[in-house]
1. Read phi for every residue in region B:189-205 and hand back ³J(HN,Hα) as whole Hz from Karplus 6.51 cos²θ - 1.76 cosθ + 1.60, θ = phi - 60°, with x for Gly and Pro.
2. What value in Å³ per residue do you get for the convex hull of the alpha-carbon atoms in chain A?
3. What does the extension gain come out to for A:Thr92 and A:Glu16, with contour length at 0.36 nm per residue minus their alpha carbon separation?
4. Could you run the Debye sum over the Cα atoms of region B:96-157, one equal point scatterer each and no solvent, and tell me log10 of I(q)/I(0) at q = 0.16, 0.17 Å⁻¹, two decimals?
5. Distance between Cα centroids, region B:36-91 to region A:33-76: provide it in whole Å.
6. For B:Ser150, what charge total do you get from the other residues with a beta carbon under 15 Å from its beta carbon, if Lys and Arg give +1 and Asp and Glu give -1?
7. To the nearest 0.05, what FRET efficiency results for B:Leu84 and B:Thr8 with a Förster distance of 35 Å applied to their C-beta separation?
8. Per residue of region B:4-10, in order, report the coupling 6.51 cos²θ - 1.76 cosθ + 1.60 (Karplus, θ = phi - 60°) as ³J(HN,Hα) in whole Hz, putting x for Gly and Pro.
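Nothing in this text is a laboratory measurement; each read-out follows from the coordinates by a stated rule. None of these values were measured; they are calculated from a predicted model. Note that we place each Cβ from the backbone using ideal geometry, even for glycine, and neighbour counts take in every protein chain shown.
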Amino acid sequence: MTNFVDGNVLAGPLREIFAVELTAATGRCASCGRVDTVASLHVYQQAPGAVARCSGCDAVVLRLVRGPDRAWLDLRGLVCLEIALPEPVAVTD
Amino acid sequence: MDTRDETTTARTLVLDVPDWPGHLAGQHVDVRLTAPDGYSTQRSYSIASAPDGTKVELTVQRIPDGEVSSYLTGVFSIGGPVELRGPIGGWFVWRRTDAAPVLLVAGGSGIVPLMAMVRTRMAAGSRVPFRLVYSIRTPADGFYADELRSAGVDLTYVHTRAGPGPVGRLTAATLDSHGWPASLEPACYVCGPTGFVETVSDILVALGHDPGRVRTERFG
């Protein structure tokens, strides 16, 4: 089955919800334990929303459905997300 | 706002986006079109240009029966309104401060975000060595041909339907000869249709490249 795209495609929809860019974040698959970027997930867009599967074991990692005035985000396939953040800049006076 | 035909079926849109914050090579935008009756639809398009003030260039390949691409490559006229969201994406990007050698592998219109990397490298005066392997059906299907000739990148075309030269699909031998040895630890960027990207990334990993350094962008 090859009718999927990369997790890169989730960047826009996730940016609408979160304050940081999430596709470069790494997550652990709850099913097989693979650690990889959100960008590497295989995303199927034929459903009413986006279904993102692990590139290692094909388990569903994330589901995102966008309605006109709200979104539903299901992250049950994800154990943990590691998100790089800028270090706080020291303020001197 | 201006347009440029790249091939008979692909067109570059030069957009002026007020308040554009700048972008990284490889990022994309989401384009939303809304009809008078309220029907609205959205597609993602890669940015083709290097960061340059409020100017953003997208190259759109017309897809048969594609409702958005047909509009953008056809009836969309200069000055026409279009709703953009972006820049988007933080993984499939090349930064001018990246020092590793770069291998770009494009299938068809997958060249677009890779061209942004080539242009960003040029604009920055970067000496980072770039190699580009570009698979197209025939020479007439290639985007940016003149610019690529003088872009300072090591360029190899693969023609799958009609040459000059041999005709056939990209193979492990192609990437072995025209890519970088895995021992140089290059950054690899692969963009194209899903099947193409799958094949190329499998070959690169088989040639010894660390999967973590093979970044992919499939467009379905």
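1. Along region B:189-205, the couplings run 10, 10, 9, x, x, 3, x, 4, 4, 4, 4, 5, 5, 5, 5, 4, 5 Hz.
2. Roughly 109 Å³ of hull volume per residue.
3. Separation in residues times 0.36 nm, less the Cα-Cα distance, equals 24.0 nm.
4. Rounded to two decimals, the profile gives -0.46, -0.52.
5. Region B:36-91 and region A:33-76 have Cα centres separated by 24 Å.
6. Residues close to B:Ser150 contribute a combined charge of 0.
7. Here the calculated transfer efficiency is 0.85.
8. 9, 7, 8, 9, 5, 10, 9
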